[in-house]
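Just so it is clear, none of the values below were taken in a lab; they were calculated from the coordinates. Fair warning: this is a prediction, and the values are worked out from it, not measured in the lab. Cβ: placed from backbone, ideal geometry, glycine included. Neighbour counts: every protein chain shown.
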Amino acid sequence: MSDNQMLLERLVNLAHENSGDKRRELLREVSDLFTSESDTLTDQEVDAFGGVMGTIASGLGEDVRARLSQSICMVARAPHELIKQLASDEIAVAEPVLSHSPVLTDADLIEIAQSKGQGHLMAMTNRDSLSSALSDVIVERGNDDVLANLVQNDGARLSRAAMEIMTERAETSDKLQAPLVKRKDIPVDLLNDMYFFVSSALREVILKTNAQLDETELSAALVHAGNRIAKNIVKEELALVDAIDYVDKLEKYKELNERRLVQLVKEHQFNEFIVAFSRLTDLEVRTVRRLVTDVSCEGLALACRAVGFDHTSFASFITQTRDMVDRDPVIAQQVIQLYGKIPVETAQRTIRFWKVRRQQIRKDRSAA
């Protein structure tokens with residue numbers, strides 16, 4: 001019998017000791033011995049050590065179990081069953097092994113993610129790497145703090161579906177916006193979806209990303225956007241039947257132009273203005289409504305600049321829609337003054353993503 005086997009036999013007997021102090025001391029000695037000798041142990045001996053430590057730890061307090069978890073979380077040959085036991089424990093115990101242990105398999109982590117709370121999910125997001133399957137579960141069950149930490153982890157692989165879910169949640173969560181916009185592998189079409197609800201600083205990041213895309217990347221992103229929108233096209237136009245009928249007549253008699261658009265907004269025919277703006281810019285009405293009601297005016301400026309609307313027309317759109325949105329007049333005036341300095345190419349690149357929705361609607365109607 002080897003020295004390790006003789007020691008384990010003695011430890012198994014001592015594990016049944018009723019004294020809490022003795023059990024804590026025993027656990028410390030066993031864990032210290034294991035961490036120092038783990039590279040020399042056979043697989044059977046590793047399992048035996050794990051069984052002993054698990055038995056002793058289960059009868060001790062949370063603070064003792066947490067110290068065990070901390071001492072063993074980085075050990076490459078730590079007993080698998082013991083690590084799983086610790087990972088499923090209270091979060092103070094589970095956190096070190098969930099964050100660092102190389103012993104936990106993807107299946108282990110997914111099982112825990114499906115059954116434990118936000119603390120356990122947060123600990124997992126600190127791992128050096130996460131599979132897309134694990135990330136999917138975390139995205140499904142995690143709160144915004146958990147998802148923000150996940151997105152900021154460059155070692156986390158995120159599926160397209162997970163990115164779409166988080167982009168939708170980001171519209172009502174400031175915590176997710178900056179991490180998503182700054183994530184290097186975020187799909188460009190999703191990045192541009194966020195333009196409508198993120199801060200001016202983050203919008204600048206989006207515009208810079210668009211400017212760096214080559215045509216191949218841009219085309220691929222537009223295809224993704226079209227496929228996604230085809231699954232769930234917003235039918236907001238159904239609420240604008242009368243306005244659509246009015247604009248149809250303007251188009252029929254060739255009276256749909258920039259001058260008429262200014263007239264509509266000055267007469268406070270807002271529904272007609274939105275539909276007419278949609279036709280002239282080739283943007284879907286939901287997108288136009290978001291642009292018009294955006295307090296920053298920046299998106300509306302890009303859309304107008306991209307199609308070549310005059311500076312005075314843009315100023316009218318801003319000043320005459322005050323009944324629709326409570327804008328800061330100082331900010332609005334600043335945007336009006338800067339309108340002519342917006343690079344046309346930058347504006348056109350950005351609204352290509354916004355046009356996808358209307359193009360998809362037109363495509364579906366043609367196929368119907």
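Ordered by the number of other Cβ atoms lying within 10 Å of each residue's own Cβ, fewest first, V97, V344, V247, V188 fall into the sequence V344, V188, V247, V97.
Would you give the gap between the C-alpha center of segment 321-353 and the C-alpha center of segment 240-291, rounded to a whole Å? If you average the Cα positions of each part, the centres end up 18 Å apart. Amide H contacts of L130: A156, R157, each under 5 Å away and 5 or more positions distant or on a separate chain (H built 1.01 Å from N in the peptide plane; Pro and chain starts excluded).
For segment 236-367, what is one quarter of the convex hull surface built on the Cα atoms, given in nm²? All intermediate terms of the calculation are to be shown ahead of the outcome.
Working: hull surface 31.1 nm².
That works out to 7.8 nm², a quarter of the Cα hull's surface.
Over all other residues within a Cβ to Cβ distance under 14 Å of Q333, the charged ones net out to 0, with Lys and Arg as +1 and Asp and Glu as -1.
With a cut-off of 12 Å between beta carbons, the residues surrounding L256 carry a summed charge of +1, where Lys and Arg count +1 and Asp and Glu -1. Listed from fewest to most Cβ neighbours within 10 Å, the set V292, V64 follows the order V64, V292.
How much net charge surrounds V205 when only the other residues with a Cβ under 12 Å from the Cβ of V205 are counted, with Lys and Arg +1 and Asp and Glu -1? With Lys, Arg at +1 and Asp, Glu at -1, the net is +4. Each peptide among 65-76, 318-329 gets the average number of other Cβ atoms lying within 10 Å of its residues, and from highest to lowest they stand as 65-76, 318-329.
Footprinting exposure proxy ranking of H268, H80, fewest other C-beta atoms within 10 angstrom first, gives H268, H80.
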